[in-house]
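Here, each number is a calculation from the coordinates, and none is a lab measurement. From a predicted model like this one, the values you see are computed outputs, not experimental measurements.
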């Protein structure tokens with residue numbers, strides 16, 4: 001514990017959108033104290049230079065990334081770095097006794113060959129990676145409680161998996177018929193210059209990208225296969241929409257029992273998520289909107305059945321930077337520390 005009696009926390013990669021969400025969330029968490037911000041290109045800059053609106057609350061300066069300094073000062077470290085960097089740093093921090101939550105893809109895969117194939121980086125840390133727990137509390141809560149290293153899920157997988165998990169776990173659909181059509185706001189591309197994220201490019205436009213080759217596909221398939229008990233391949237297509245925050249994933253699959261109706265599935269979903277305070281199953285005929293989840297750690301799920309085609313349609317909405325990133329990381333940490341998983345996280349959006 002720090003001098004304040006709260007747990008000292010560090011964030012490496014504090015300049016990006018994931019980092020600033022964490023900084024903001026930590027201001028309202030009663031049991032955590034932010035004591036370290038680390039970065040490379042931003043080292044030496046006051047955090048308020050990057051995000052002036054937080055200057056009256058956050059007086060820290062971004063420091064060079066030094067695992068020895070981090071380990072001496074922090075009990076918990078969030079790694080909010082580009083893919084391929086956390087795997088060099090996490091083993092050093094774990095050796096120093098830190099709890100590590102990685103927001104990149106480095107520790108999301110049980111099979112590092114899959115990671116190497118999709119992310120193009122050779123890995124030699126299988127022994128460390130094998131201890132990592134996939135940070136989706138609604139599925140792996142019991143394992144997260146015991147973890148020292150958590151690989152926090154991507155935003156698309158979070159929305160998609162929360163929508164499809166009950167169908168696969170209960171064997172309600174034919175897995176190979178699953179199609180996931182997902183749409184994300186531009187903040188999912190990070191805080192960096194990219195032509196397709198420019199206002200002039202993204203505004204008044206809607207388009208798919210990385211069709212049949214998005215890096216979140218194997219992550220979704222890994223968990224789907226775990227739920228179904230055999231290998232599952234899904235068709236996943238992401239789209240960029242002209243809004244800042246939010247993801248809506250629409251999932252289609254063929255029912256094994258064409259006699260199932262919407263209310264049956266709503267009851268099944270309510271039971272599946274009965275112990276999950278961040279998942280809201282909507283009533284019959286109500287479909288989620290991303291704005292409802294804005295700035296919260298909530299996931300809203302709506303369900304429909306098309307009796308003509310014997311397909312179920314599940315719609316899942318989250319804030320990609322919260323439940324899809326930083327909020328979920330805090331939720332995981334709450335579980336790791338033995339606290340209520342809702343602690344310090346916003347529960348209701350401001351509307352409209």
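Return one number: the angle in degrees, 0 to 90 and rounded to the nearest 10, between the long axis of the Cα atoms of helix 326-336 and the longest principal axis of the Cα atoms of the chain.
Roughly 80 degrees between the two axes.
How far is helix 86-95 tilted, in degrees, relative to the longest principal axis of the Cα atoms in the chain, given as a value from 0 to 90 rounded to the nearest 10?
60
Which percent, to the nearest 5, of DSSP beta bridges fully inside segment 1-158 are antiparallel?
On the way: 1 of 21 bridges.
Approximately 5 percent, going by the DSSP bridge assignments.
Write down the Å³ per residue value for the convex hull defined by the alpha carbon atoms of segment 137-229.
Numbers: hull volume 12.0 nm³, N = 93.
Enclosed volume per residue, from the Cα hull, is 129 Å³.
If you average 1/r over every pair of different alpha-carbon atoms in segment 155-318 and take one over that average, what Kirkwood value in Å do you get?
Numbers: mean 1/r = 0.0615 Å⁻¹.
Computed over Cα pairs of segment 155-318, the Kirkwood hydrodynamic radius comes out at 16.3 Å.
Highest GNM mean-square fluctuation, the chain, Cα pairs closer than 10 Å: which of 117, 132, 310?
117
Nearest 5 is fine: what % of DSSP beta bridges in segment 155-318 come out antiparallel, could you say? Before the final figure, lay out the partial values.
Working: 25 of 34 bridges.
Restricted to segment 155-318, the bridges split so that about 75 percent are antiparallel.
Relative to the longest principal axis of the C-alpha atoms of the chain, give the angle of the C-alpha long axis of helix 155-169, reported between 0 and 90° and rounded to the nearest 10°.
It is inclined by approximately 40 degrees.
In segment 260-352, what % of DSSP beta bridges are antiparallel (nearest 5)? Working shown, then result.
Working: 8 of 11 bridges.
Of the beta bridges lying entirely in segment 260-352, close to 75 percent run antiparallel.
Rounded to the nearest 500, what is the chain's calculated 222 nm mean residue ellipticity when only DSSP H runs of at least 4 contribute -39500 (n - 2.57) each, over all residues?
Numbers: 13 runs with 110 residues, N = 352.
Result for the chain: -8500 deg cm²/dmol, rounded to the nearest 500.
May I ask you to compute the full-extension gain from residue 201 to residue 121, defined as 0.36 nm times their residue separation minus their alpha-carbon distance, rounded to one decimal in nm? Provide the component values of the computation, followed by the final result.
Values: separation 80, 0.36 × 80 = 28.80 nm, distance 3.07 nm.
Length gained, residue 201 through residue 121: 25.7 nm.
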